[in-house]
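Below is one structure, written out as structure tokens, with a few remarks after it.
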Amino acid sequence: MYLTKHELKSTLVVSGIFSLRLLGLFVLLPIFSIYASEYNNSSSFLAGIAIGSYSLSQAIMQVPMGYLSDKFGRKKIVLFGLALFVVGSAICFYAIDITILIIGRIIQGLGAISSVGIATLSENTSEERRASAFTIMGISVGFAFVVGFIAGPFISTLYSFKSLFLLLLVLGVIAIIITILYYPIDKNTKNQDFSLKLSYNHSLLQVYMGSFFLSLILSIMLYIYPLIWKNLGANPDELFLIYLKIFLPSVILIYPSVRFFEKIKKIGLVIYSGWAFLIIGFLFYIIFSQNVISLYVLGILFFFGVSVFNSILPSLLSFNVSSKLRATGNGPFYIMNFLGHAVGAILAGTIYMKSEYFGLDKNMILSIFSLAIVILWIRVGLPKYEAKS
């Protein structure tokens, strides 16, 4: 179903702001675990803290920022959040000590606007066309994901790792300009009752837990994957070609497939396929251990699964959250998302302090743990993919 002119404009603006902000973060992820250990007074544990501190502050601020946007307006809070992101990026750029880097990452994360952006998109699209809007946003975020993972290793090799934080600052400023000029007009009721009424919603809880599980295994994967390649002799400047090979298949195949199965109302098959991709990828790596083929298979299948759930979970959220306090209701989804990232990065950094456990390599331990998380996620399940009547 085609979007109206207003829906398309709102979708493109919100997706553009999200993508610019996330592009600046995605350029860091594929190499952060390699370069964070080179800062003064750093260690594998503190490198994990530097990665996870951003997500932890994001988790803490999602509900407060969402609630403030429900009360004072989306645009004002988005601008405030982007300003914090720019300030934090500047601190990270000038940091030479791991402690200062962590402080900068925390300030970056305080600008938590994810739930606000999703609320804006939900309010400016009809339920019949909302899945299409989220698919467009998923494609734009996926594109930023791919470009970031390819560009990050390339730019850091061409200039320096610290130059990536300057790129984050510039992208944050561009996002601020777009927000000032084009951000959609608020459609939430200005005089509504802002008291929080909490009630148990099993479907919503499943979506929240899905957000946590996905970000947890993604964070672990992004910590260990470049380090495994480094152990196999790959240089940081080779990583962009590696990521290009493992991301392009998901971009070419997954997002169009999700759109197709959405049209024929068979999204349930896509969800089970996403879990299958993750399980098969981890099993292949665990069985065949660390070699080039197993790493490529793991990378391709893993990002197949990630691409599926990056498209599906936001739509499931919009179909199950209350329309009266969208940003506040979206908050726990992003709390769990960023909490998963924080726990995954800190856990990986902690495990990396020793080379092996119980006779198993640290990478194998983290892979087995990730596989167990996927199995637990399947047990918890996800709600049916359907709009409310």
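So the values come out like this:
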item: Net length gained if the chain between Tyr272 and Asp237 were fully extended (0.36 nm per residue, minus Cα distance); result: 9.0 nm
item: Theoretical gain in end-to-end length, Lys245 to Leu12 [0.36 nm per residue, Cα-Cα removed]; result: 81.1 nm
item: Global size of the chain as Cα Rg and Dmax, reported in angstrom; result: 19.9, 62
item: The stretch 211-313: relative contact order in percent, alpha carbon pairs under 8 Å with at least 6 residues between; result: 35
item: Taking the chain and dividing mean pair separation by its residue count, relative contact order in percent (alpha carbons under 8 Å, at least six apart); result: 29
item: CD proxy at 222 nm, helix term only [per DSSP H run n ≥ 4: -39500 (n - 2.57); per residue of the chain; nearest 500]; result: -27000 deg cm²/dmol
item: Radius of gyration and Dmax over the Cα atoms of the stretch 216-313, both given in Å; result: 14.2, 46
item: Label-point separation in nm, Lys384 to Lys263, each point 7 Å along Cα→Cβ; result: 2.4
item: Rg in Å to one decimal, and Dmax rounded to a whole Å, for the stretch 199-264 via C-alpha atoms; result: 17.1, 53
item: Using θ = phi - 60° and Karplus 6.51 cos²θ - 1.76 cosθ + 1.60, couplings along the stretch 240-246 (whole Hz; Gly, Pro as x); result: 5, 5, 5, 5, 4, 5, 8
item: Volume in Å³ per residue [convex hull over Cα atoms, computed for the stretch 109-176]; result: 96
item: At 1.306 mPa s and 10 °C, Stokes diffusion of the stretch 1-51 via Kirkwood alpha-carbon radius, µm² per second; result: 118
item: Net dipole in debye of the chain [+1 Lys, Arg Cβ; -1 Asp, Glu Cβ; about Cα centre; nearest 20]; result: 1000
item: Net length gained if the chain between Ile177 and Ser43 were fully extended (0.36 nm per residue, minus Cα distance); result: 44.5 nm
item: Cα convex hull of the stretch 242-379, projected area averaged across orientations, nm²; result: 9.9
item: Cβ-Cβ FRET estimate between Tyr357 and Tyr296, R0 fixed at 35 Å, reported to 0.05; result: 0.85
item: Equivalent-ellipsoid semi-axes of the stretch 102-148, from the Cα gyration tensor, Å, largest first; result: 26, 16, 4
item: Virtual spin-label span in nm between Phe143 and Thr350, 7 Å along Cα→Cβ; result: 4.0
item: Magnitude of the charge dipole, the stretch 7-104, Cβ model with Lys/Arg +1 and Asp/Glu -1, debye to 20; result: 460
item: Kirkwood Rh, angstrom, the stretch 1-136 [1 / mean 1/r, Cα pairs]; result: 16.1
item: Distance in nm between pseudo-label sites at Phe72 and Phe284 (7 Å out along the Cβ direction from Cα); result: 4.9
item: Environment charge of Val292, counting only residues whose C-beta is closer than 15 Å and scoring Lys/Arg +1, Asp/Glu -1; result: +1
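A short reminder: the numbers here are calculations on the coordinates, not readings from a lab. Computed from a prediction, not measured in an experiment: that's the story for all the values here. Positions of Cβ are backbone-derived with ideal geometry, glycine not excepted, and every protein chain shown enters the neighbour counts.
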